[in-house]
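Written out below as structure tokens is the structure these notes cover.
The values are calculated or read from the model by the stated rules, or taken from the named source; none is laboratory data. All values reported here derive from a predicted model rather than from experimental measurement. Because the Cβ atoms are built from the backbone with ideal geometry, glycine has one as well, and the counts that use them run over all protein chains shown.
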């Protein structure tokens, strides 16, 4: 498993090895032991989510789940292609309001680790794109929140307006948002990578 740092401390790209032949490939997409041996100990995952976006240009986000049910997410693409984004929203963080993005696709097999304290969103690049992600806490509707997609300066790589839910279109902008997260220093796991 390759582990790549991004421009935001704590957010990582994980690239599992694929073993292929003329039938296709095999991939171990998640192994606590493999990551531990590479110096990375992520929190325990308790829930897996799977969504399908029928049309290219569908944007979901920017979402977070507040404490006491804050979620870290390990995101991958099961079919199609998407651009996945994380935004630091920890008050006092040296990278507050900054974003990083990564293309995730069935072909490249990449995964994006997004710790609690970050917004998450993605836009689909192909029809019928599936996103799968592991979460470190259960869904809690009373802790669910969002920030509007176009208030941070993210280059989504789309022309015109994306396809949005009514909830995502009505979310507050980053400058109107009072984050429930506080910066508590560097992530322990990055020192071991």
Residues (assigned to a loop (DSSP other than H, G, I, E, B) and either more than 21 Å from residue 98 (Cα to Cα) or in contact with a strand residue (DSSP E or B) (Cβ under 7 Å, 6 or more places away or on another chain) (or both)) located in the range 161-193: 161, 162, 164, 165, 170, 171, 179, 183, 192, 193
Residues (within 27 Å of residue 88 (Cα to Cα) and at pLDDT below 90) located in the range 3-33: 16, 29, 30, 31, 32
When residues of the range 111-160 are limited to those that are assigned to a loop (DSSP other than H, G, I, E, B) and out of contact with any strand residue (DSSP E or B) (no Cβ under 9 Å at 6 or more places or on another chain), the one farthest from residue 30 (Cα to Cα): 160
Residue 40 being touching a helix residue (DSSP H, G or I) at 6+ places or on another chain (Cβ under 7 Å) and under 19 Å from residue 117 (Cβ atoms): yes
Residue within the range 82-94 that is under 27 Å from residue 186 (Cα atoms), touching a residue at least 60 places away in the same chain (Cβ under 8 Å), over 16 Å from the mean Cα position of the chain (by Cα) and surrounded by 16 or more Cβ atoms within 10 Å (Cβ to Cβ) present: yes
Residue count for the range 61-81, restricted to those that are closer than 18 Å to residue 140 by Cβ and either free of Cβ contacts under 8 Å to residues at least 24 places away in the same chain or in a loop (DSSP other than H, G, I, E, B) (or both): 7
Of all residues making up the range 97-110, the number that are in a strand (DSSP E or B), over 16 Å from residue 64 (Cβ atoms) and in contact (Cβ under 8 Å) with a residue 24 or more places away in the chain: 4
From 183, 138, 133, residue being touching a residue at least 24 places away in the same chain (Cβ under 8 Å) and over 17 Å from the mean Cα position of the chain (by Cα): 183
Selection within the range 18-52 - more than 21 Å from residue 137 (Cβ to Cβ), within 23 Å of the chain's Cα centre (by Cα) and in a strand (DSSP E or B): 18, 27, 52
The listed residue being under 21 Å from residue 4 (Cβ atoms) and either buried (at least 16 other Cβ atoms within 10 Å of the Cβ) or touching a helix residue (DSSP H, G or I) at 6+ places or on another chain (Cβ under 6 Å) (or both), out of 70, 116: 116
Verdict on residue 98 being touching a strand residue (DSSP E or B) at 6+ places or on another chain (Cβ under 9 Å) and surrounded by fewer than 17 Cβ atoms within 10 Å (Cβ to Cβ): yes
